[in-house]
Amino acid sequence: MNRTHNNNELKIDYVNAIVELKGWVSKTRNLGGLIFIDLRDRYGITQIVVSPENPNYEKAKALKNEFVVYVKGIVVERENKNLTIPTGEIEILASEIEIINEAKQPPIIVADETDALEDTRLKFRYLDLRRPVMQNFLMTRHVAMQSTREYLNSHEFLELETPILTKSTPEGARDYLVPSRVNKGSFYALPQSPQIFKQLFMISGFERYYQIAKCFRDEDLRADRQPEFTQIDIETSFLTQEEIMAMTEGLLVKVWKDSINVEINAPFDVLTYHEAVNKYGSDKPDRRFGMLLEDLSEVFVNSEFSVFKNTVTNNGLVKAIVVKDSADKYSRKDITKLEDFAKIYKAKGLAWLKYQDELTGPIAKFLSDDEKANVINKVSLENNDLILFVADKENIVHNSLGALRVHIANQLDLINKKQFDFCWVVDWPLYEYDEEEGRFYAAHHPFTAPKNDQVDNMYNNPRECIADAYDVVCNGYELGGGSLRIYNQELQAKMFEVLGFTPEDAENQFGFFIESLKYGTPPHGGIALGLDRMIMLLTNTTNIRDVIAFPKTTSAQCTMTEAPSKVSTDQLKELGVKLDG
RNA sequence: GGUCCAGUAGUGUAGCGGUUAACAUGUCGGUCUGUCACACCGAAGAUCGCGGGUUCAAUUCCCGUCUGGACCGCCA
């Protein structure tokens, strides 16, 4: 009782073959006399037909959705063909039907167009994953992973593993902690990324490493963020930034080709961090549409309009985006909604003008004729354009206008959803300054090297110091990021010093690593690509849960297993852990 | 930590200060030999998330809470 074919295999040239199939009952259509059964497996659907004179007729009548069945029969050409499925020209005249297993009525419709909400789908994920769309997402994931391995293997990379139980570090995301039974009071941390280990592989002389690595970060979730996620983690010795970027491009070209048969063009455009932020208001710009940020600060230095003028004189910026040919599409009420949207990003307000023969809008009366002419000129305003201004501190201007730009592009359907726009964002600042804590943080991570000519800036002028760091961006998603690493022990120690570590702190947290740098460390660098986001792009979904087999909800729970869950007091006692209340 | 949206038969939605709580789909029964979202006829199926309050009366209004989702903060 084995199967001879899968349910997507049998075409017109199999007519008269005796075949045996297995699968799930996807749908039955009982016409009173004739019964049609759609038999589904992961490959596709085959139609079974049973007529009243067939000895299996009663059995066929009893079949319900999601029963697992075995069918033996002869392939025949259909009277009425269904050309929308690959097997639609044939059907199986059943000579034997065996119910392998029955099924309860499923809580969700097992078909591409399910009617269930995500809540229900996640609770019955094993049924949700029977749906062909979901199977395709995970199959694409499989192909992308194998394609990645093929590419990296053929470029002399070694797939090496690193520990899941490792050491907590204070920098970066919150750690998931695992109590140690053998060492009561001590904790392992799950890795946020294998960063230090992959650098140690370089020190060990492996030269080219990769790992499809699970990473864990105990931070709040988003549509594109899960607490455990997968990175394609790569590290190389002796390569330049340009070489690493070219290698990454080659990988992405192959993955896109193998997974969805799309040719993407390499090399990708390269933007500096400053260009990206200034033009797009984002360090991960979506370049599939225009509406770039325009700096109009100079126009308003001496303006009568005090809101703009004061912002400029207080080191803020006045920037704007122009929504082409859309003044008539946005009512005052609509613009108020846009303003509310901008306020989410801390903008104090959203000023606007419409150009309909002349500039109109609430702020028009505050602007001189010169200023109006300057605005029109500077951003090449045309009739029926809408211009939206944010005047604020630099990062607020960029954040709010950057988000608004994407928001409006979605509203007006300006984005070609079939397009893949890749670019690199390079020359990142080495540090970020935290106003509240009055200290510098590593913008990337504390092992990122400053550019060669920036070593002095590292401690003399940290705000301006540029790193050898690069992000690869696709359609507004940060697909991956990497850097050349510090391979000089003194420089690494200096880095910790600028970050506010005492020598003792540095020794406690990273002593083994600083020590390792002393034994002949090759220049090295790498990149990590977010596999889940990559699959989102490949499958054109906007929900990371769709491309992860068993994901968590936004409150970091699994509704199916109900993890996380309480544990027994015995278990806690064994670990030496006491609960607070 | 914060803001916003949602929670009503198995599933997805509608609805309303007083209802026999509606529709679709699924389920069950019936008719039907070429369907492929089969069609048609009929039936069953609801603690209106949970707790409290207002009211003569709450599924409906208010407060709290839980769950799901989107976003801000957070994510070296």
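Here, each number is a calculation from the coordinates, and none is a lab measurement. Being a predicted model, the structure only gives us computed values, none of them experimental. FYI the Cβ positions are ideal-geometry reconstructions off the backbone, even for glycines, and counts take in every protein chain you see.
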Subject >> Chain lengthening between A:Leu158 and A:Asn488 when straightened (0.36 nm per residue, less Cα-Cα) >> reply: 116.3 nm
Original post:
Given only helices, namely DSSP H runs of n ≥ 4 each adding -39500 (n - 2.57), what is the per-residue ellipticity at 222 nm of chain A, to the nearest 500 deg cm²/dmol?
Top reply: -9000 deg cm²/dmol
Subject >> Taking N as its residue count, the alpha carbon Rg of region A:12-101 over 2.2 N^0.38 Å >> reply: 0.97
**OP:** Can you tell me the relative contact order of chain A? Whole percent, Cα pairs under 8 Å, sequence separation 6 or more.
**Re:** 13 percent
Subject >> Two-site label geometry, A:Glu275 and A:Asn384: point separation in nm, points 7 Å out along Cα→Cβ >> reply: 3.3 nm
Original post:
What's the FRET efficiency of A:Glu77 with A:Asn416 using the Cβ-Cβ distance as r and R₀ = 56 Å, to the nearest 0.05?
Top reply: 0.85
Original post:
So in region A:12-101, what percent of DSSP beta bridges are antiparallel if you round to the nearest 5?
Top reply: 95 percent
Original post:
Counting Lys +1, Arg +1, Asp -1, Glu -1, what net charge surrounds A:Leu353 among other residues with beta carbon under 12 Å of its beta carbon?
Top reply: 0
Original post:
Each label point is 7 Å from the Cα along the Cα-to-Cβ direction; what then is the distance between the points at A:His142 and A:Ala556, in nm?
Top reply: 3.2 nm
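If you keep only loop residues by DSSP, which trypsin sites (Lys or Arg not before Pro) in region A:157-250 have at most 16 other Cβ atoms within 10 Å of their Cβ?
Working: sites: A:Lys167, A:Arg174, A:Arg181, A:Lys184, A:Lys198, A:Arg208, A:Lys214, A:Arg217, A:Arg222, A:Arg225; in loops: A:Lys167, A:Arg174, A:Arg181, A:Lys184, A:Arg217.
Hits after loop and neighbour filter: A:Lys167, A:Arg174, A:Arg181, A:Lys184.
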Subject >> Chain lengthening between A:Arg149 and A:Thr336 when straightened (0.36 nm per residue, less Cα-Cα) >> reply: 62.3 nm
**OP:** For region A:30-124, run through the GluC sites (Glu not before Pro) and keep only the ones in DSSP coil with at most 11 other Cβ atoms within 10 Å of their Cβ.
**Re:** A:Glu53, A:Glu79, A:Glu113
**OP:** Only helices at least 15 Å long along their axis, Cα-based, and averaging 0.5 or more on Kyte-Doolittle count here, so list those DSSP H runs from chain A.
**Re:** none
**OP:** With the cut-off at 24 Å, report for region A:236-395 the share of all Cα pairs above it, as a whole percent.
**Re:** 46 percent
Subject >> Reachable lysines, given that their alpha-carbon falls under 28 Å from the alpha-carbon of A:Lys64 and they are not under 8 places away in the same chain >> reply: A:Lys11, A:Lys22, A:Lys27, A:Lys72, A:Lys81, A:Lys104, A:Lys123
Original post:
Between A:Asp580 and A:Tyr459, how many nm apart are label points set 7 Å from Cα along the C-beta direction?
Top reply: 3.8 nm
Original post:
Near A:Lys61, which aspartates and glutamates are there with a Cα under 17 Å away, not counting those fewer than 8 places off in the same chain?
Top reply: A:Asp38, A:Glu53, A:Glu96, A:Glu98, A:Glu102
**OP:** Go through A:Leu430, A:Asn153, A:Trp352 and say which Cα lies farthest out towards the positive end of the charge dipole of chain A; charges sit on Cβ, +1 for Lys and Arg, -1 for Asp and Glu.
**Re:** A:Asn153
**OP:** Divide the volume of the convex hull of the Cα atoms of chain A by its number of residues and quote the answer in cubic angstrom per residue.
**Re:** 230 Å³
Original post:
How long is the gain from A:Asp325 to A:Asn395 if the chain were fully straight, where each residue apart is worth 0.36 nm and the alpha carbon distance is subtracted?
Top reply: 22.4 nm
